[in-house]
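Q: Here you go, one structure.
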Amino acid sequence: MVCLLASCKDTNNPENNQNSAPAIAAPTNLTYTVINEYPHDSSSFTEGLIWLNGKFLESTGNYEQSHLLKTNLETGKAEQKLKLGDQYFGEGIAVLNNKIYQLTYKEHKVFVYDMNFKKLPQEFEWPYEGWGMTTDGKSLILDTGGSNIYFVNPETFKIERTLGVVNNNGYVSMVNELEYVDGYLYANIWMTNDIIKINVQTGLVEAKADMTELIKSSHNHKDLDIKNNVLNGIAYNSEKKTFYITGKNWPSLFEIKFN
């Protein structure tokens, strides 16, 4: 046998051909406790959710029905509302440097507003589909429904870093709504009942929460289509260290604590 590389293996000896790369551990089971249940406007096709200064900022989707909302936790009612043009489908939102950024689904537009919902002249083009968005306080962090997460400059909207999301089975696709918390991304996986916890340095899914019981609890209040009215909305309250969870057209929003 002739080897041109030092790493060449003897294919005739199975003992010499074991994969030396360590196996990726399966995600740990992330359990949770429900702290409170609040009303949520069931007309809101939730795409993005942020807890900020005691209120929710929410982006809703569907053509002719997309809005940017500021809503009250106790009532679930909108205290401020801005409707997008009928040709736009609202998606994820993020707040950075006192600006609100809102993605659109297939229109390749990113709208920018001040904190009073006044649309700013600054507007960006995004070459991919718009799905989820959050921020680590420096970059905007976006996904497009695949397994890649993009770290984007908020002033130019240029991609500065790409992170592939992986677990023990390979790349994880359908990554959707995002929330950044202490070096991790919490993400809905579209068309599943799962929230995953992603290490932002490695892309590794370190934990997974099965939200099936929460979904059943919400859908018991109303005859919802579980296939379409999926989990989609994660916001974090840094003071209480709790998460707010809802979904598309859900009548409820849940405050939970991951154990």
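Bear in mind these aren't lab numbers, they're just calculated from the coordinates by the rules spelled out. None of these values were measured; they are calculated from a predicted model. Every residue, glycine among them, receives a Cβ derived from its backbone with ideal geometry; neighbour counts consider all protein chains shown.
Q: Pick out, in residue order, every one of the GluC sites (Glu not before Pro) in segment 72-125 that is DSSP loop and has at most 16 other C-beta atoms within 10 Å; say none if there are none.
A: Passing both the DSSP loop test and the Cβ count: E74.
Q: Positive end of the charge dipole of segment 86-242 (Lys, Arg +1 and Asp, Glu -1 on Cβ, about the Cα centre): tell me which of G132, Y150, N116 has its Cα farthest that way.
A: Of the candidates, N116 comes out farthest on the positive side.
Q: For the chain, what does -39500 (n - 2.57) per DSSP helix run (n ≥ 4), summed and divided by total residues, give at 222 nm, in deg cm²/dmol to the nearest 500? Please list the in-between numbers first.
A: Working: 1 runs with 8 residues, N = 259.
Dividing the helical sum by the residues of the chain leaves -1000 deg cm²/dmol.
Q: As a footprinting exposure proxy, order S238, S217 by other Cβ within 10 Å, with the fewest listed first.
A: Details: S238 9, S217 14.
In order of increasing Cβ crowding within 10 Å: S238, S217.
Q: Can you tally the net charge around I100? Count Lys and Arg as +1, Asp and Glu as -1, for every other residue whose Cβ sits under 12 Å from the Cβ of I100.
A: Numbers: positive: K70, K99, K118, K119; negative: E58, D114.
Within the 12 Å Cβ shell, the charges total +2.
Q: Scan the chain and report its longest stretch carrying no chymotrypsin sites (Phe, Trp or Tyr not before Pro) that are both in a DSSP loop and have at most 16 other Cβ atoms within 10 Å. Present the calculation step by step, with values, prior to reporting the outcome.
A: On the way: sites that count: Y63, F117, Y128.
After excluding every exposed loop site, the longest remaining stretch is 129-259.
Q: Further question: Over segment 42-258, what is the mean sequence separation of C-alpha contacts under 8 Å (at least six apart), divided by residue count, expressed as relative contact order in percent?
A: Working: 561 pairs, mean separation 30.9, N = 217.
Averaging sequence separation for qualifying contacts and normalising by length gives 14 percent for segment 42-258.
Q: Using DSSP to call loops (not H, G, I, E or B), can you name the trypsin sites (Lys or Arg not before Pro) in segment 58-102 whose Cβ has at most 16 other Cβ atoms within 10 angstrom? Please list the in-between numbers first.
A: On the way: sites: K70, K77, K81, K83, K99; in loops: K77.
Those that pass, being in a loop and sparsely packed, are K77.
Q: What percent does the relative contact order of segment 30-90 come to when contacts are Cα pairs within less than 8 Å and at least six residues apart?
A: Working: 119 pairs, mean separation 17.5, N = 61.
This gives 29 percent for segment 30-90.
Q: In which sequence would H108, H67, H40 go, from the one with the fewest C-beta neighbours within 10 Å to the one with the most?
A: Listing H108, H67, H40 from fewest to most nearby Cβ atoms yields H108, H67, H40.
Q: Another question, then. Can you tally the net charge around L185? Count Lys and Arg as +1, Asp and Glu as -1, for every other residue whose Cβ sits under 15 Å from the Cβ of L185. Before the final figure, lay out the partial values.
A: Details: positive: K138, R161, K197, K208; negative: D136, D143, E177, E179, D182, D194, E206.
Net of charged neighbours comes to -3.
Q: Do any trypsin sites (Lys or Arg not before Pro) in segment 107-206 lie in a loop, going by DSSP, with at most 11 other beta-carbon atoms within 10 Å of their beta carbon, and if so which? Walk me through the numbers on the way to the answer.
A: Working: sites: K109, K118, K119, K138, K158, R161, K197; in loops: K118, K138, K158.
In loop regions of segment 107-206 (DSSP not H, G, I, E or B), the sparsely surrounded trypsin sites (Lys or Arg not before Pro) are K118, K158.
Q: Here's another thing I want to ask about it. Return M115, M211 ranked ascending by Cβ neighbour count within 10 Å, so the fewest neighbours appear first. The partial results should precede the final answer.
A: Details: M115 13, M211 22.
Ranked by crowding around the Cβ, least crowded first: M115, M211.
Q: Counting only other residues whose beta carbon sits under 11 Å from that of F124, what net charge do I get with K and R as +1, D and E as -1?
A: Numbers: positive: K109, K158; negative: E123, E125, E155.
Here the charged neighbours net out to -1.
Q: Stretched out fully, how many nm does the piece from N36 to T202 gain, at 0.36 nm a residue minus the Cα gap?
A: Values: separation 166, 0.36 × 166 = 59.76 nm, distance 3.31 nm.
Gain on extension, N36 to T202, equals 56.4 nm.
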